[in-house]
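The values are calculated or read from the model by the stated rules, or taken from the named source; none is laboratory data. Here the structure is a predicted model, which is why all the values come from computation and not from measurement. No Cβ is skipped: glycine too gets one built from the backbone with ideal geometry, and neighbour counts run over all protein chains shown. Only protein heavy atoms, including side chains, enter the accessible area calculation; ligands, DNA and RNA are left aside. Shrake-Rupley method; radii C 1.70, N 1.55, O 1.52, S 1.80 Å.
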Amino acid sequence: MQTPYELILGWRYTRAGRATRRNGFISFISGVSMLGIALGVAALIIVLSVMNGFQKEVRDRMLGVLSHIEVFDAAGQAIPNLAGTMATIEGHPEVIGVAPFVAAQALIARGEDMKGAVVRGIDPALEPSVTDLAADLADTVLPRLVPGEFGIVLGGELARSLGVITGDTVTLIAPSGQVTPAGVVPRIRQMNVVGVFDSGHFEYDSALAMLHMDDAARIFRVEGPTGVRVKIRNLHQAREVAMDLVSQLDQGLLVRDWTRQNRTWFAAVQLEKRMMFIILTLIVAVAAFNLVSTLVMTVTDKRADIAILRTLGASPASIMGVFMVQGAMVGVIGTGLGLLLGLGIAFNIDSIVPALESLLGASFLPKDIYLISRMPSDPQQSDIMPIGLISLVLSFVATIYPSWRASRVNPAEALRYE
């Protein structure tokens, strides 16, 4: 099959200047346009991959403390039919772990220091099946939570702010107190610190305290667990599984998945990612529309060639096709180079960044300031495919006007002074 001459001429004009010095500047401008597209595409891929990596890192640390789904009583009281509720939840095919809990808020005091805390009463035998944090503590700290001994496990930041270590005693003050002739007196209980944990997430390390579920029920005067924590096979299906459980459980129970527990944070991350995508896409657009100046210069330089082709019988559509091929070639090559460069850096950023830190003698993510001390990266196909398509579309659109101008060249006018 014979190759269309539009493709041959378009590719020849793309390489203009390699063999002749007269067209060297046009070739240079084409190279700059190609390089601009490549750098814009690479920057977009790298930035979005790093943002995905940070989001995944924070999400994984968050889910190390949180469960995928929580089922709890709407009034904050004990679940009426705990055994039946847990049996229904365990019957769902996507559920792989279930554990009851008691949730409450309290004050924890040590001397004159007092901090607010989220208190979670857990079952040490079942809790490791629903959270990674409990699984890590299953053989060390959780066995020390014995019912009746009122032991407590504190988050690392909470323990440091109170100045306590394992073996010390703290005072837990429950907000709902006892009614006496002197008024409402809060319930106070001495607790033994039996362990300290560090989840890597400041919000939970600074405010979470765990104790045995039976001790929590006695302190907060509830008749049993106030909720059930659930772990599923695929965390991305949490919302669908939660909707299924809503239709199967009793009316008085609420079901909340992990995306709703931190809705504000996830919404902020998605908004930031969307804005970064728009801003960096403008860089690609600027580089792509440099093709306009390149093709206008090429059309001006090739007016005689266009006139000769027209006199030989080439149609305006064919002339337009020649220059659209030239612009499309620049866009395709630039996009391809950008994809290779961006993916190469995104997949190897964990070794590139330490090398740059060593070379420059600087630390981009100091451990004493940032929660994450390494540069994470998570390239996703859902981001990469739109980037490539947008770059190609912008390059194609940028070729339309100069190509149309080329198809409108009058042969007689173009050859008058030749």
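Quick notes on this structure:
- Gyration tensor verdict on segment 53-136 (Cα atoms; rounded if a/c is under 1.5, prolate if a/b is larger than b/c, oblate otherwise): oblate
- When the Gaussian network model of the chain links Cα atoms closer than 10 Å, the mean-square fluctuations of Pro386, Pro376, Pro225 top out at Pro386.
- For segment 60-70, the Karplus equation 6.51 cos²θ - 1.76 cosθ + 1.60, evaluated at θ = phi - 60°, returns couplings of 5, 5, 5, 6, x, 9, 8, 8, 5, 9, 10 Hz by residue, with Gly and Pro reported as x.
- Degrees between helix 263-288 axis and first principal axis of the chain (Cα, 0 to 90, nearest 10): 10
- Paramagnetic label zone (point 7 Å from Cα along Cα-to-C-beta, Leu254; backbone N under 15 Å) in segment 98-121: 103-105
- Neighbour-limited loop hits for GluC sites (Glu not before Pro), segment 201-266 (at most 13 other Cβ within 10 Å; DSSP other than H, G, I, E, B): Glu223
- Full-extension gain in nm, Arg221 to Asn348, via 0.36 nm per residue minus C-alpha separation: 40.3 nm
- Think of a 1.4 Å ball rolled over the protein heavy atoms: segment 261-350 then has 49 Å² of accessible area per residue.
- Ligands, DNA and RNA left out, the 1.4 Å accessible surface of the chain is 59% carbon and sulfur atoms.
- Cleavage-rule hits, GluC sites (Glu not before Pro), segment 64-96, DSSP coil, Cβ neighbours within 10 Å at most 10: none
- When the Cα gyration tensor is reduced to axis lengths a ≥ b ≥ c, the ratio a/c is 1.5 or higher for segment 195-244, and with a/b not above b/c it is classed as oblate.
- Each residue of segment 217-234 is assigned a 3J(HN,Hα), and the resulting list reads 5, 6, 5, 9, 6, 10, 7, x, x, 8, x, 10, 9, 10, 10, 10, 5, 10 Hz, derived from the Karplus form 6.51 cos²θ - 1.76 cosθ + 1.60 (θ = phi - 60°), x at Gly and Pro.
- Using the rule -39500 (n - 2.57) for each DSSP H run of four or more residues, divided by the residues of the chain, the 222 nm mean residue ellipticity is -17000 deg cm²/dmol.
- Helix 381-407 vs. the chain, principal-axis angle (Cα, 0 to 90°, nearest 10): 20
- Only alpha carbons enter this Debye calculation for segment 118-165, each as an equal point scatterer, and the log10 of I(q)/I(0) it gives at q = 0.15, 0.21, 0.26, 0.29 Å⁻¹ is -0.42, -0.80, -1.10, -1.20.
- Cα convex hull, segment 269-340: 95 Å³ per residue, rounded to a whole number.
- FRET efficiency, Gln237 to Asn81 (Cβ-Cβ, R0 25 Å, nearest 0.05): 0.45
- Peptide packing for 327-335, 100-108 was compared via the average number of neighbouring C-beta atoms within 10 Å per residue; ordered from the highest value, the list is 327-335, 100-108.
- Of the three principal axes defined by the Cα atoms of the chain, the extents in descending order read 111, 54, 41 Å.
- Cα shape, segment 155-303, gyration tensor, a/c 1.5 rule: prolate
- Computed lengthening from Glu357 to Asp301, 0.36 nm per intervening residue step minus Cα-Cα distance: 15.4 nm
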